[in-house]
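The values are calculated or read from the model by the stated rules, or taken from the named source; none is laboratory data. Because the structure is predicted, anything quoted here is derived from the model rather than measured. FYI the Cβ positions are ideal-geometry reconstructions off the backbone, even for glycines, and counts take in every protein chain you see. Accessible surface areas use protein heavy atoms only, side chains included; no ligands, DNA or RNA. Shrake-Rupley method; radii C 1.70, N 1.55, O 1.52, S 1.80 Å.
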Amino acid sequence: MYSLCELIQNSQIGTSIRESLFVFPIIEATHVLALGLSVGTLVWFDLRLLGVVMPDEPISKLHRQVMPWAVLGFVLMFVSGSLLFWANALKAYTSLYFRLKFLFLVLAGCNAIAFEFATKRSIQSWDSAPAIPRKVKLAGLFSILLWIAVITFGRATAYHLT
Amino acid sequence: MRSSLLPFFRWCDETFIAVAVRKSVIAFPTIETFHLLALTLLFGSIAMQNLRLCGFIMKEHPVSKVTKIFAPWTFWALMVMLSSGLLLFLSEAMKCYGSDPFWIKMGFLFLTVAFHFTIYRRITRTQDQPPTVLKARVAAAVSFTLWLGVGLAGRAIAFI
C-alpha cells in the first residue's frame, strides 16, 4: 500500500498538481465549495427523516428533488478529492486523520446503501406518516453525524498535509 | 485607505482573544472546522432557495414558503460563520491586513449580505406568482455568484 501511494504521488500528474501554483488551490476550492452542494443539500433530506424540517412534505418527493443535486455535488467532491489525493497520496495514507476521514466516509456510504436498499422498501407506510419509524430517523441521524465526522477529519487532514 | 486602518488591525492582532487563539495549537483548526460546518449549512440553505427560485425543485410550493423553511437556517449559519470568522481574523489580523484575497473577500461579503437582506429578501418573500420567472432566476444567479465570490476569496487567503 505504502509503495503504491508513493507511486501515485510521484506520478507525473500527481507531481504536476502538487507543484502547480494554481491547480492545487483551485481543486481544493472546488472540493470545499462542492461541500455546500452535496452535504449542504443532503442535510435537508436527513433532517426531514428526523422530522425536523418540512414535516408535511412526503419523504419520497423530497428524495426525488434533493438527491440529484446531492449526488452532483458528491461527484464533484469525489473527483476533486481524488485529484488532491493523487498529489499527496503518501502523506494522506500515513495521516491518521485521513484514515479516519476515509473510515467515516465508508460508513456514511454504508448508511446510505442500507437506507436505499433496505429501509426504503417499506417507504409506503411512512412516506407522509406523522410518526416516523425509529430506523428511518436513525438513518438521518447517522448520516448527519457521519458527515460531520468526515468534514472534521477532512479539515484536520489538510493541516497534516501542509 | 487601507493604511488608515493599520492601527485597527494592529489592535485586533494584539487583543487577548487573538493572543489566546494563537497560543493554542488546536484553537485555530477547531474554530475553522466550525466555520466549515456552518458553511455547509449556509451554502446548502442558500442552494435550496436558489434552486427553488430557478424552478428546479419544490415547484408546487410558493417561493415564500420555501424561504420560510430555509431562511432561519441561513441566518443562524451566517451568525456562526461571522463569529467563528471573527475569531480566526483576530488571531491573524496582521496577515489579513497584507492579504489581497482577504480584502476581496470582505468586499464580496459586504455586497452579498447587503444583497441578501434587501433585494433577495424582497424577491424571496413576495415572489409567489410564477410570472416574473426571469427576475427570480436572475436573483438566484446573482446570489450564487456573490456567495461563490466570498467562498473562493476566502479559500484564497490560505494560499496567497
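Summary table below
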quantity: Cα coordinate range in region B:2-157, projected on the principal axes (Å, largest first); calculated: 54, 31, 21
quantity: Cross-link partners of A:Lys61 among lysines (Cα-Cα below 25 Å; sequence separation of 8 or more within a chain); calculated: A:Lys120, A:Lys135, A:Lys137, B:Lys59, B:Lys65, B:Lys68
quantity: Inter-label distance for A:Leu107 and B:Leu86, nm, one decimal - labels placed 7 Å from Cα along Cα-to-Cβ; calculated: 3.4
quantity: Average beta-carbon neighbours from other chains, 10 Å sphere, peptide B:30-42; calculated: 4
quantity: Shielding by partners, peptide A:135-146 (average Cβ within 10 angstrom, other chains); calculated: 0
quantity: Crossing angle, helix A:59-87 versus chain A [Cα axis fit, 0-90 degrees, rounded to tens]; calculated: 10
quantity: Chain A - charge dipole about Cα centre, Lys and Arg +1 at Cβ, Asp and Glu -1, debye rounded to 20; calculated: 380
quantity: Backbone N within region A:118-132 under 19 Å of label point (7 Å from A:Lys61 Cα along the Cβ vector); calculated: A:123-132
quantity: Nearby lysines by direct alpha-carbon distance to B:Lys105 (threshold 25 angstrom, same-chain neighbours under 8 apart not counted); calculated: B:Lys95
quantity: Sequence-separation-based contact order of chain B, relative, with Cα cut under 8 Å and 6+ spacing, percent; calculated: 31
quantity: Neighbouring partner chain Cβ atoms per residue of A:68-78, average, 10 Å criterion; calculated: 1
quantity: Rounded FRET efficiency, nearest 0.05, which uses the C-beta distance separating A:Leu96 from B:Ile26 and R0 of 22 Å; calculated: 0.90
quantity: P(r) tail fraction, the protein assembly as shown - alpha-carbon pairs more than 26 Å apart, %; calculated: 53
quantity: Cα gyration tensor shape of region A:2-160, rounded if a/c is under 1.5, else prolate or oblate by comparing a/b with b/c; calculated: prolate
quantity: Whole-percent carbon and sulfur share, accessible surface of the protein assembly as shown, 1.4 Å; calculated: 73
quantity: Protein heavy-atom accessible area occluded, B/A pair - total, 1.4 Å probe, Å²; calculated: 2500
quantity: Counted charge near B:Met94, where neighbours are those whose Cβ lies closer than 14 Å (Asp, Glu -1; Lys, Arg +1); calculated: +1
quantity: Estimated dipole of the protein assembly as shown in Debye, rounded to 20 [Cβ of Lys and Arg +1, of Asp and Glu -1, Cα centre]; calculated: 560
quantity: List of region A:51-67 residues, accessible area with partners at least 50 Å² below that of the chain alone (1.4 Å probe); calculated: A:Met54, A:Gln65
